[in-house]
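For reference, the structure discussed in these notes is given below.
The values are calculated or read from the model by the stated rules, or taken from the named source; none is laboratory data. Quantities reported herein were computed from a predicted structural model and do not represent experimental measurements. Neighbour counts run over all protein chains shown; Cβ positions are idealised from the backbone, glycine included. Protein only, heavy atoms only, side chains kept; ligands, DNA and RNA dropped before computing areas. Shrake-Rupley method; radii C 1.70, N 1.55, O 1.52, S 1.80 Å.
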Amino acid sequence: MFESKGLSEVQYLKPVPEHTDRTIRLHSLTSIQSCSPAIMRFLVVASVVCALAAVLDAHCFRVALKPGATSCQDTVDNTWHDVGSSWRNSQCMDCHCGGCCANFMTPQSYPDDCVSEFDSEACEFKVHKKTDPSVACPIFTATG
(Lines give C-alpha, C1' and ligand atoms only; values in the text may rest on other atoms or scores of the structure.)
Protein backbone atom coordinates (compact mmCIF):
# COMPACT_ATOMS: atom_id res chain seq x y z
CA MET A 1 0.00 0.00 0.00
CA PHE A 2 2.84 2.43 0.82
CA GLU A 3 6.53 2.53 -0.04
CA SER A 4 9.03 4.76 1.74
CA LYS A 5 11.28 7.16 -0.14
CA GLY A 6 13.96 8.75 1.99
CA LEU A 7 15.97 11.93 1.62
CA SER A 8 18.77 11.82 4.20
CA GLU A 9 17.03 11.32 7.57
CA VAL A 10 13.54 12.37 6.45
CA GLN A 11 11.22 9.58 5.30
CA TYR A 12 8.26 9.93 2.95
CA LEU A 13 5.55 7.39 2.09
CA LYS A 14 4.01 6.92 -1.37
CA PRO A 15 1.33 4.44 -2.55
CA VAL A 16 2.51 1.09 -3.94
CA PRO A 17 -0.04 -0.16 -6.52
CA GLU A 18 0.50 -3.92 -5.92
CA HIS A 19 -0.64 -3.60 -2.26
CA THR A 20 -4.38 -3.10 -2.09
CA ASP A 21 -5.07 -4.37 1.42
CA ARG A 22 -4.58 -2.31 4.58
CA THR A 23 -1.03 -3.50 5.30
CA ILE A 24 1.82 -1.05 5.12
CA ARG A 25 5.25 -1.92 3.80
CA LEU A 26 7.99 0.34 5.15
CA HIS A 27 11.60 0.27 4.01
CA SER A 28 14.70 1.73 5.68
CA LEU A 29 13.00 3.60 8.50
CA THR A 30 15.44 4.41 11.26
CA SER A 31 14.20 3.09 14.59
CA ILE A 32 14.76 5.00 17.81
CA GLN A 33 16.71 2.04 19.22
CA SER A 34 19.46 2.54 16.63
CA CYS A 35 20.16 6.15 17.74
CA SER A 36 23.52 6.82 19.36
CA PRO A 37 23.58 7.51 23.13
CA ALA A 38 24.54 11.15 22.45
CA ILE A 39 21.48 11.64 20.24
CA MET A 40 19.25 9.95 22.83
CA ARG A 41 20.60 12.27 25.57
CA PHE A 42 20.00 15.28 23.33
CA LEU A 43 16.42 14.17 22.64
CA VAL A 44 15.74 13.67 26.34
CA VAL A 45 17.19 17.08 27.28
CA ALA A 46 15.33 18.81 24.43
CA SER A 47 12.06 17.17 25.52
CA VAL A 48 12.53 18.26 29.14
CA VAL A 49 13.36 21.83 28.12
CA CYS A 50 10.28 22.01 25.89
CA ALA A 51 8.07 20.55 28.61
CA LEU A 52 9.35 23.04 31.19
CA ALA A 53 9.04 26.10 28.93
CA ALA A 54 5.54 26.92 30.18
CA VAL A 55 6.54 26.42 33.80
CA LEU A 56 9.67 28.55 33.51
CA ASP A 57 7.74 31.43 31.96
CA ALA A 58 5.82 32.00 35.19
CA HIS A 59 6.03 35.79 34.95
CA CYS A 60 2.72 36.12 33.11
CA PHE A 61 -0.83 35.62 34.20
CA ARG A 62 -4.17 35.76 32.44
CA VAL A 63 -7.40 37.37 33.60
CA ALA A 64 -10.82 36.35 32.31
CA LEU A 65 -12.69 39.28 30.81
CA LYS A 66 -16.48 39.17 31.03
CA PRO A 67 -18.23 39.27 27.64
CA GLY A 68 -19.36 42.79 26.79
CA ALA A 69 -17.07 44.45 29.36
CA THR A 70 -15.83 47.92 28.43
CA SER A 71 -13.24 48.23 31.21
CA CYS A 72 -11.16 46.11 33.57
CA GLN A 73 -9.40 46.60 36.89
CA ASP A 74 -5.68 46.12 37.50
CA THR A 75 -5.56 43.72 40.46
CA VAL A 76 -2.27 45.20 41.74
CA ASP A 77 -3.05 48.93 41.70
CA ASN A 78 -6.87 48.66 41.64
CA THR A 79 -6.92 51.12 38.72
CA TRP A 80 -9.53 50.89 35.95
CA HIS A 81 -8.60 50.72 32.24
CA ASP A 82 -10.53 50.63 28.97
CA VAL A 83 -10.66 47.33 27.09
CA GLY A 84 -8.00 47.45 24.36
CA SER A 85 -5.65 49.68 26.34
CA SER A 86 -2.31 48.67 27.85
CA TRP A 87 -0.43 49.99 30.88
CA ARG A 88 2.47 49.30 33.25
CA ASN A 89 1.50 48.84 36.91
CA SER A 90 3.49 49.62 40.06
CA GLN A 91 5.06 46.12 40.06
CA CYS A 92 6.57 46.73 36.60
CA MET A 93 4.07 44.42 34.91
CA ASP A 94 2.98 45.25 31.36
CA CYS A 95 -0.77 44.70 31.33
CA HIS A 96 -3.89 44.69 29.19
CA CYS A 97 -7.37 43.59 30.13
CA GLY A 98 -6.49 39.95 29.38
CA GLY A 99 -3.56 39.74 31.81
CA CYS A 100 -0.09 40.95 32.71
CA CYS A 101 3.53 39.95 32.10
CA ALA A 102 6.72 41.03 33.81
CA ASN A 103 8.75 43.22 31.48
CA PHE A 104 12.06 42.39 33.15
CA MET A 105 14.45 39.48 33.47
CA THR A 106 15.31 38.12 36.93
CA PRO A 107 19.01 37.23 37.26
CA GLN A 108 19.55 33.66 38.49
CA SER A 109 23.30 33.22 38.10
CA TYR A 110 26.08 35.80 38.38
CA PRO A 111 29.52 35.95 40.09
CA ASP A 112 29.60 35.34 43.85
CA ASP A 113 31.16 38.74 44.57
CA CYS A 114 28.14 40.48 43.01
CA VAL A 115 24.63 41.32 44.16
CA SER A 116 21.33 41.76 42.31
CA GLU A 117 19.09 44.71 43.12
CA PHE A 118 15.79 45.68 41.55
CA ASP A 119 15.52 49.25 40.23
CA SER A 120 11.77 50.00 40.42
CA GLU A 121 12.18 53.26 38.48
CA ALA A 122 13.79 51.54 35.49
CA CYS A 123 11.88 48.25 36.04
CA GLU A 124 15.04 46.16 35.80
CA PHE A 125 17.50 44.24 37.93
CA LYS A 126 20.98 45.67 38.19
CA VAL A 127 23.81 43.32 39.08
CA HIS A 128 26.92 44.96 40.50
CA LYS A 129 29.94 44.28 42.72
CA LYS A 130 29.02 44.01 46.41
CA THR A 131 31.90 46.30 47.33
CA ASP A 132 31.42 48.83 44.49
CA PRO A 133 27.90 49.49 43.10
CA SER A 134 29.39 51.43 40.18
CA VAL A 135 30.96 48.25 38.73
CA ALA A 136 28.45 46.14 36.77
CA CYS A 137 28.69 42.33 36.80
CA PRO A 138 27.88 39.82 34.07
CA ILE A 139 24.64 37.83 34.27
CA PHE A 140 25.08 34.19 33.29
CA THR A 141 21.42 33.11 33.41
CA ALA A 142 18.12 34.89 33.94
CA THR A 143 14.42 34.04 33.81
CA GLY A 144 11.44 36.02 32.74
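Results, tabulated for the structure shown:
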read-out	value
Heavy atoms of residue 94: accessible area, 1.4 Å probe, square angstrom to 10	60
Sites residue 86 and residue 135 - FRET efficiency at Förster radius 41 Å, r taken between beta-carbons, to 0.05	0.70
Carbon + sulfur, % of accessible area of the range 70-119 - ligands and nucleic acids excluded, 1.4 Å	47
Label point distance in nm, residue 128-residue 70, each placed 7 Å from Cα along Cα→Cβ	4.8
Per-residue SASA entry for residue 140, accessible area with 1.4 Å probe, Å² rounded to 10	130
Residues whose placed amide H lies under 5 Å from that of residue 114, excluding near-sequence neighbours	130
Accessible area expressed per residue, the range 52-124, with surrounding protein chains retained (probe 1.4 Å, Å²)	66
